[in-house]
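Inspection log for the structure reproduced underneath, given as structure tokens.
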Amino acid sequence: MSTGTVSGASQAAPATADLETRREWLIAAILLLAGVALCSLTALRGIQPNDEGLMLQAAARIAGGEVPYRDFWWYYPPGQPYLLAGLWELGGPSLLDWRIVRVLANAVVAVLAWRLALGRSTPALALLAWAAALLAMAYPSGPHPFPLALAFALGALLLFERHPAWAGILVGACAAWRIEFAAYLGLGILLALAISPERPAQRRGIILMLGASVLTAAVLYLPVVVQAGVGPSWDLLVWYPLTEFGDYQSLPFPLAYDGPLNTSSLGGFLSDSAENLLAWWLPLAAVLGFAGALAALLGSFRRSTDWPVVATIVFGLGMAHYLLVRADIFHTAPLVVTGSVLAAWAFTAWRTRELSPTVRKGLVGTGAVMAAASLAYAIVEGADRQWLLLRAPAAKVDAPPADGVRAEPDLARPLSQAVAEARRLSAPGEPIYVMGRRADITTAGAPLFYVLAGRPNPTRYDIAAPGVITSAPVQEEIVADLRSSRPPVIVRWDSPRTAAPEPNRAGRSSGVRILDRYVDSAYRETARFGDWVILTPRPGS
């Protein structure tokens, strides 16, 4: 009788585990579909003349046979532009393709955050982590490389305990999209494995993870680096971001709110100010929530069971650094996603563990509450942002590659008119040049115009990188290219955002206006559509 009972129990255990696995896969599929549905609501809303244009113009150049770092100025890793170039080759130029990729990436990131949170928290908290991650990823959108890098990172954090080689492959893939993400990710996994109490598995895991990550990164980078050259690749991928990027792109952390504030009535505050305040303080909420989760997890840390947590904590530190370098709404998602997972873990540890002394329990409790409050804040702010975008007026961008994309009317309509005029004045394959308001201060450009117009750039600079475009050698090079190619159209985006007074070196004049002087002498204004100015060659110039 006893033997039969034991045998029945042993047979029931695998069946129960199998049922639980199928249940998790079903929930994951449901969450994935829900994520795709939510992100699709706003996928065709909004365009970004600078960021969207950079990635798509890079993809266009690669599809045309050019190589980044050698043929055009580019300081991002090669993964995203080569992926978009492949889509470009398959379906032609389109603003839709990357949006489909982004919707899928958003949904996958949120599901991975849910699964990672579920490993050390309750189903309810894991579901909240999924909601916060999804809403953080949904908007602001863009063809940026970080969503896929984040997906690779979360996958590696899920796999490294049992499958360090597969985790290493994902670390290497992550490096092809965001080098700094992969660096923090690899360091976190190595530290976690180093403190693992299982010594033989520890050494084996470190070797497998390191070997797989280096090999994968080499496979993805070498074809590009061999074509571009080691020197140019190093200068743009490593040296420029380390030495120049922070000086020109950093922003002070947003503490003192300086936007519109309507305190005349509760209704006026809710309609005019609440949404702006929520978005303004999201970076602060994300950092405080991460700090609280960190305090709670370290305060309740047990090496024997919690050593894997170290990997996600170190990666979270990297995502905090990513936000702090340029603390704006466009850089919050990675920390919110990682912080939501850590918040779920921290709150669970506080509620389920016996902690002593009282001071330690108080520290863990305070940190857990901070993390939980940040998680709730991220959900409310993300939902509000989605609703704000859905109810905002939008007009169709009328250009062949737009494929139904809509933007705010004040941008969409004049941009569509300017693109039509540039296409009328230039033949297919004939170059045009797009510039900002002034050459000595450049905080944004409009390389998306090349994509919408279907016309190439005669220079190797699509990116409006301050300290590069604003320097004398680069402006002299651009002028030489313009003299040589004689584009029939130059488009000046005369928007204040192209020369915004940012509190960094980008917002200060370099004093170099060589490009402006040449354009003013050789071209004249023939049409204006809102902020878009069409310039054509002066007679006899």
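Taking the Cβ-Cβ separation of Arg203 and Arg497 as r and a Förster radius of 35 Å, what is the calculated FRET efficiency to the nearest 0.05? Walk me through the intermediate numbers first.
Details: r = 53 Å, r/R0 = 1.52.
So, using R0 = 35 Å, E works out to roughly 0.10.
By the scheme Lys and Arg +1, Asp and Glu -1, what is the net charge of all other residues having a beta-carbon under 12 Å from that of Glu502?
+2
Mind listing the phi-derived Karplus ³J(HN,Hα) values for the range 493-502, rounded to whole Hz, using 6.51, -1.76 and 1.60 with θ = phi - 60°, and x for any glycine or proline?
With the stated coefficients, the range 493-502 comes to 7, 8, 9, x, 5, 6, 9, 5, x, 6 Hz.
Name the shape class, rounded, prolate or oblate, that the alpha-carbon gyration tensor gives for the range 44-192, where a ≥ b ≥ c are the square roots of its eigenvalues, rounded holds for a/c under 1.5, and otherwise prolate holds if a/b is larger than b/c and oblate otherwise. Write out the running numbers ahead of the final one.
Numbers: a/c = 2.61, a/b = 1.51, b/c = 1.73.
It is oblate, given that a/c is not under 1.5 and a/b is not larger than b/c.
Can you give me the % of accessible surface on the chain that is carbon or sulfur? Probe 1.4 Å, all protein chains present, nothing else counted. Let's see the in-between values first.
Numbers: 14940 of 23370 Å².
It is 64 percent, rounded to a whole number.
I need the phi-derived Karplus couplings for the range 445-450: 6.51 cos²θ - 1.76 cosθ + 1.60, θ = phi - 60°, integer Hz, Gly and Pro marked x.
Working through the residues one at a time gives x, 9, x, 4, 4, 4 Hz.
Taking all protein chains together and a probe of 1.4 Å, list Asp516, Asp531 from the most accessible to the least accessible. Before the final figure, lay out each step's value.
Details: Asp516 10, Asp531 65 Å².
Ranked list, largest accessible area first: Asp531, Asp516.
In whole angstrom, and with the biggest value first, how far do the Cα coordinates of the range 390-429 range along each principal axis?
Ordered largest first, the range 390-429 gives principal extents of 39, 18, 8 Å.
Considering the Cα trace of the range 107-166, what is its radius of gyration and what is Dmax, both in angstroms?
Reported Rg and Dmax, both Å: 12.1, 35.
Check which residues have an amide H placed less than 5 Å from Arg524's amide H, if you skip close sequence neighbours.
Here Thr536, Arg538 satisfy the definition.
List the relative contact order of the range 53-197 as a percent without decimals, with contacts defined as Cα pairs under 8 Å and 6+ residues apart.
Numbers: 156 pairs, mean separation 31.2, N = 145.
Across the range 53-197, relative contact order equals 22 percent.
Grab the eigenvalues of the alpha-carbon gyration tensor for the range 435-482, scale each by 5, take roots, and send me the semi-axes largest first in whole angstrom. Each step should come with its number before you reach the end.
Numbers: eigenvalues 65, 36, 11 Å².
In descending order, the three semi-axes are 18, 13, 7 Å.
Note the full-extension length gain between Leu355 and Asp235 as 0.36 nm times their separation in residues minus their Cα-Cα distance, in nm to one decimal. List each step's numbers first, then the result.
On the way: separation 120, 0.36 × 120 = 43.20 nm, distance 5.05 nm.
Stretched fully, the Leu355-Asp235 segment lengthens by 38.2 nm.
Taking a probe of 1.4 angstrom, what is the accessible area of Met435 in Å², to the nearest 10?
10 Å²
Shape call for the range 465-541 from the C-alpha gyration tensor, a ≥ b ≥ c root eigenvalues: rounded (a/c under 1.5), prolate (a/b greater than b/c) or oblate?
Values: a/c = 2.69, a/b = 1.35, b/c = 2.00.
Judged from the Cα gyration tensor, the range 465-541 comes out oblate (a/c at least 1.5, b/c at or above a/b).
Counting Lys and Arg as +1 and Asp and Glu as -1, what is the net charge of the other residues whose Cβ lies under 12 Å from the Cβ of Tyr322? Let's see the in-between values first.
Details: positive: Arg178, Arg326; negative: Glu180, Asp328.
Net local charge, Tyr322 excluded: 0.
With the crude spin-label approximation of a point 7 Å out along Cα→Cβ, what separation in nm comes out for Val325 versus Leu187?
1.2 nm
How much accessible surface does Arg23 have with a 1.4 Å probe, in Å² rounded to 10?
Solvent-accessible area, nearest 10 Å²: 130 Å².
Can you tell me the 0 to 90 degree angle between the C-alpha axis of helix 199-228 and the longest principal axis of the chain, rounded to 10?
Value to nearest ten degrees: 10.
Describe numerically, in nm with one decimal, the distance between label points set 7 Å from Cα along Cα→Cβ at Leu277 and at Leu90.
4.6 nm
For Glu476, Glu430, Glu24, give the ranking by accessible area with the largest first, probe 1.4 Å. List each step's numbers first, then the result.
On the way: Glu476 105, Glu430 70, Glu24 45 Å².
The most accessible residue leads, giving Glu476, Glu430, Glu24.
Only four residue types carry charge here, +1 at the Cβ of Lys and Arg and -1 at the Cβ of Asp and Glu. Report the dipole size of the chain about the Cα centre in Debye, rounded to the nearest 20.
Dipole of the chain, to the nearest 20 debye: 640 debye.
Can you compute the modelled spin-label distance between Asp71 and Trp387, with each label point 7 Å from Cα toward Cβ, in nm?
4.8 nm
Can you list residues whose amide H is under 5 Å from Ala327's amide H, if they're 5+ apart or on another chain and H is modeled 1.01 Å from N?
Those lying under 5 Å, H to H, from Ala327 are Leu251.
Show log10 I(q)/I(0) for the range 499-538 at q = 0.16, 0.22, 0.24 Å⁻¹, two decimals, from a solvent-free Debye sum over equal Cα scatterers.
Taken in order of the listed q values, log10 I(q)/I(0) reads -0.59, -0.82, -0.85.
Output wanted: per-residue J couplings in Hz (rounded whole) for the range 92-108, from phi through Karplus 6.51 cos²θ - 1.76 cosθ + 1.60, θ = phi - 60°, x for Gly and Pro.
x, x, 7, 8, 8, 4, 5, 5, 5, 4, 5, 4, 5, 5, 4, 5, 5
Taking only C-alpha pairs under 8 Å that are 6+ residues apart, what is the relative contact order of the range 112-160 in percent? Could you put the intermediate results ahead of the total?
Numbers: 23 pairs, mean separation 22.4, N = 49.
With pairs under 8 Å counted, the relative contact order is 46 percent.
Helix 146-159 sits at what angle to the longest principal axis of the chain, using alpha carbons and giving 0 to 90 degrees rounded to 10?
On a 0 to 90 degree scale, this one is about 20.
Might you work out the accessible area of Ile169 for me, using a 1.4 Å probe with all protein chains in place, and round it to the nearest 10 Å²?
Around 60 Å² of this residue is reachable by solvent.
How high is the relative contact order of the chain, given as a whole-number percent (alpha carbon pairs under 8 Å, six or more residues apart)? Could the numbers behind the result be given before it?
Values: 941 pairs, mean separation 92.3, N = 541.
Contact order relative to length: 17 percent.
Taking 0.36 nm per intervening residue step and subtracting the Cα-Cα distance, what contour gain separates Ser521 from Glu477 on full extension? Don't jump to the answer; show the numbers that get you there.
Values: separation 44, 0.36 × 44 = 15.84 nm, distance 1.69 nm.
Full extension of this stretch gives 14.1 nm more.
By how many nm would the segment from Leu215 to Leu261 grow when fully extended, if each residue of separation counts as 0.36 nm and the alpha-carbon distance is taken off? Please list the in-between numbers first.
Working: separation 46, 0.36 × 46 = 16.56 nm, distance 5.33 nm.
Going from the current span to full extension adds 11.2 nm.
Roughly how many debye, to the nearest 20, is the charge dipole of the range 77-168 about its Cα centre, given +1 on each Lys and Arg Cβ, -1 on each Asp and Glu Cβ, and no other charges? Mind showing how you got there, number by number?
Working: 5 positive and 3 negative charges, 51 e Å.
So the magnitude is around 240 debye.
Counting only other residues whose beta carbon sits under 11 Å from that of Ala296, what net charge do I get with K and R as +1, D and E as -1?
Details: positive: Arg351, Arg353, Arg360, Lys361; negative: none.
Net local charge, Ala296 excluded: +4.
Using just the C-alpha positions of the chain as equal point scatterers, what log10 of I(q)/I(0) does the Debye formula give at each q in 0.06, 0.07, 0.11 1/Å?
-0.33, -0.45, -1.03
How long are the semi-axes of the equivalent ellipsoid of the range 28-118, taking √(5λ) for every eigenvalue λ of the Cα gyration tensor, in whole Å from largest down?
Numbers: eigenvalues 163, 44, 26 Å².
Values for the range 28-118, descending: 29, 15, 11 Å.
So how long is each side of the range 373-498 along the principal axes, counting just the alpha-carbon atoms, biggest first, in Å?
Result for the range 373-498: principal-axis Cα extents of 57, 33, 20 Å.
Positive end of the charge dipole of the chain (Lys, Arg +1 and Asp, Glu -1 on Cβ, about the Cα centre): tell me which of Pro145, Val533, Ala63 has its Cα farthest that way.
Of Pro145, Val533, Ala63, it is Pro145.
The values are calculated or read from the model by the stated rules, or taken from the named source; none is laboratory data. It should be emphasised that the depicted structure is a prediction, and the values quoted were computed from it without experimental measurement. Cβ coordinates were reconstructed from backbone atoms using ideal geometry, including for glycine residues, and neighbour counts include every protein chain displayed. The protein model used for the area step is the full one, side chains on, heavy atoms only, and it has no ligands, DNA or RNA in it. Shrake-Rupley method; radii C 1.70, N 1.55, O 1.52, S 1.80 Å.
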